[in-house]
Protein chains: 2
Amino acid sequence: MITKNQIKYIKGLSLKKNRIKEQCFVVEGEKCLAELLNSSFEIVELFALKDWIDENKVIFDKIQAVSFKGLERISNLKSPNKVLAVVKLKKQEILQQESVVTLVLDDINDPGNLGTIIRMCDWFGVKQIICSENSVDIYNPKVVQSTMGSLFRIHIIYANLSTYLAKVTTPIYGAYMDGKNVKDIKINQKVHLVMGNEANGISEKIEKYISKKVVIKNIGGNTESLNVAVATSILLHEFCN
Amino acid sequence: MITKNQIKYIKGLSLKKNRIKEQCFVVEGEKCLAELLNSSFEIVELFALKDWIDENKVIFDKIQAVSFKGLERISNLKSPNKVLAVVKLKKQEILQQESVVTLVLDDINDPGNLGTIIRMCDWFGVKQIICSENSVDIYNPKVVQSTMGSLFRIHIIYANLSTYLAKVTTPIYGAYMDGKNVKDIKINQKVHLVMGNEANGISEKIEKYISKKVVIKNIGGNTESLNVAVATSILLHEFCN
């Protein structure tokens, strides 16, 4: 039986201020849990349907069997999916650049976009993302769910981008509408790639750090903007291959 | 003043059966309306805030000024945006292939995915999309909104894919997990590109028409699937450039 206090505590973790206060976030569903259990993230509490517990034989003392109704009460999903975990936030530190691209995100606002971008970094082998301090929180439930587990494999840091980029020694590419066609660019060293906000692009104060502007050619010529998650995916496909 | 019957009629158009019966669909918001007014689609009725009417000086006798509260009553959006149009469905016929790629969609289910794909076709100059009969309806309000006006520029047909593909004379590429790396493929003639359903990929009955399998290389190697809208975008970027 889930208590009222537990419901209040878990539902409260959908807000950033509570996640910071409690240093915890929520992960839901079979797919994400499988990835979580394979990661170095620390699970604090686990709530699951009896059949999930029987199937998964997880050895963990803080596991609580719940009914579907109970799961519905604590879930952020429209259709709760068997299992929900409360997980410790992880304080990440900036690592030495390992992969060809380090991705820099300047104020990405939409949780679905950030989730897709994290998933695509996983696909293309990008190990580290630097987010501006105003970017949407990676522990937001919508971000967590849309990464489909990739969140637990990618190193993600929040930082002041000006301070960070001032120290970068690799070429810094930025996505602009008036850049050089990505098809005409050859990447033969490690680089940084900066992607801007959905509505405003890369902010002015960051522009001075960009050494090379890049664009995805607008062949049709009728529409003016690309979704940032799609644009990031295409650029990573070009830069990482 | 919007009548109860008008509200019932317009809200009803969010269901496919009503759209088919009435042969109408709904378009909302300033951006989509601007694109609609530049298209050959026929507007049946227009509901707008007074300031939109004053600003846009649309010459059209079926225009009705509404209050924000009135707009809220007929809107499908969380935040209604100044204007809503009831528009005649357009019966499209298959055209001779004009662009390098004709896109074929095999049971795309998610309205957001279909919307993004239509928008990306507009970006990459793809003129025609053939959807299987079980694909989500392009006149679904979520599809319409997420195309951001590109819907009015792309030729989209629903057809039996087996019948259609049996007559195609160009090479037919299909996205598979075990295909040839798209980076190693050179396109030097017109082609068809088939993308499969979000969960199940390209259906078995369609596979026999695929002459060449193509894949986006999984460099990271940890995650098994790509979002279909992102995958389509990357393949169009490669094929159309």
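The values are calculated or read from the model by the stated rules, or taken from the named source; none is laboratory data. Since the model is a prediction, treat every value here as computed from it, not as a measurement. Cβ sites come from the backbone with ideal geometry, for glycine too, and all protein chains shown count toward neighbours. Areas reflect the complete protein model, heavy atoms only, side chains present, ligands, DNA and RNA absent. Shrake-Rupley method; radii C 1.70, N 1.55, O 1.52, S 1.80 Å.
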Per residue, what volume in Å³ does the convex hull of the Cα atoms of the protein assembly as shown enclose? 178
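For each pair in A:Lys167/A:Lys212; A:Lys4/A:Lys50; A:Lys82/A:Lys142; B:Lys16/B:Lys217; A:Lys91/A:Lys127; B:Lys8/B:Lys88, compute the distance between the two Cα atoms and list the pairs where it is over 26 Å. Display every interim value, and only then the final one.
Values: A:Lys167/A:Lys212 17 Å; A:Lys4/A:Lys50 21 Å; A:Lys82/A:Lys142 17 Å; B:Lys16/B:Lys217 38 Å; A:Lys91/A:Lys127 16 Å; B:Lys8/B:Lys88 18 Å.
Pairs exceeding the cut-off: B:Lys16/B:Lys217.
Quantify how strongly other chains surround peptide B:78-88 by giving the mean number of their Cβ atoms within 10 Å of each of its Cβ atoms. Don't skip to the answer; put the middle values down first.
Working: counts 0, 0, 0, 0, 0, 0, 0, 0, 0, 0, 0.
The shielding value for this peptide is 0.
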Would you mind telling me which residue in A:Cys131, A:Cys24, A:Cys121 has the biggest mean-square fluctuation in a Gaussian network model of chain A, where springs connect alpha carbons within a distance under 10 angstrom? A:Cys24
Sorted from largest to smallest, which semi-axis lengths in Å does the alpha carbon gyration tensor of segment B:4-88 give for its equivalent ellipsoid, taking the root of 5 times each eigenvalue? 19, 16, 11
Which residues in segment B:93-118 have a backbone N closer than 13 Å to a point placed 7 Å from the Cα of B:Glu204 along the Cα-to-Cβ line? none
Springs between alpha-carbon pairs under 10 angstrom, Gaussian network model over chain B: which of B:Glu204, B:Glu28, B:Glu42 fluctuates most? B:Glu204
Per-residue accessible area, 1.4 Å probe, largest first, puts B:Ile10, A:Ile187 in the order A:Ile187, B:Ile10
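Where does segment B:103-194 land on Rg(C-alpha)/(2.2 N^0.38 Å)? If you can, show how the numbers build up before the last one.
Values: Rg = 13.6 Å, N = 92, 2.2 N^0.38 = 12.3 Å.
Scaled against compact globular proteins, the figure is 1.11.
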Expressed as a whole percentage, what fraction of the accessible surface of segment B:1-110 belongs to carbon and sulfur atoms when a 1.4 Å probe is rolled over the protein heavy atoms? 52
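Computed on protein heavy atoms with a 1.4 Å probe, what is the summed buried accessible area for the chain pair B and A, in Å² to the nearest 100?
Working: alone 13070 and 13070 Å², together 23150 Å².
In total, chains B and A hide about 3000 Å² from solvent.
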Mean-position separation - Cα centroids, segment A:1-62 and segment B:109-149, in angstrom: 36
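Count, for each residue of A:230-240, the Cβ atoms from other chains sitting within 10 Å of its Cβ, then give me the mean as a whole number.
Working: counts 12, 3, 1, 9, 7, 1, 2, 12, 4, 0, 3.
Counting other chains' Cβ atoms within 10 Å and averaging over A:230-240 gives 5.
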Inter-copy distances for B:Lys142, nm, shortest first, label points 7 Å along Cα→Cβ, are 1.3
Assuming 0.36 nm per residue, please report the length gained on full extension of the stretch B:Ser211 to B:Tyr158 beyond their Cα-Cα distance. 16.9 nm
Report, largest value first, the span of the C-alpha coordinates of chain A along each principal axis, in whole Å. 59, 39, 30
Based on the Cβ-Cβ distance from A:Lys17 to B:Gln64, what FRET efficiency comes out when R0 is 35 Å, to the nearest 0.05? 0.20
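Put A:Glu238, A:Glu93 in order of accessible area, largest first, 1.4 Å probe: what do you get? Don't skip to the answer; put the middle values down first.
On the way: A:Glu238 30, A:Glu93 130 Å².
So, going from the largest accessible area down, we get A:Glu93, A:Glu238.
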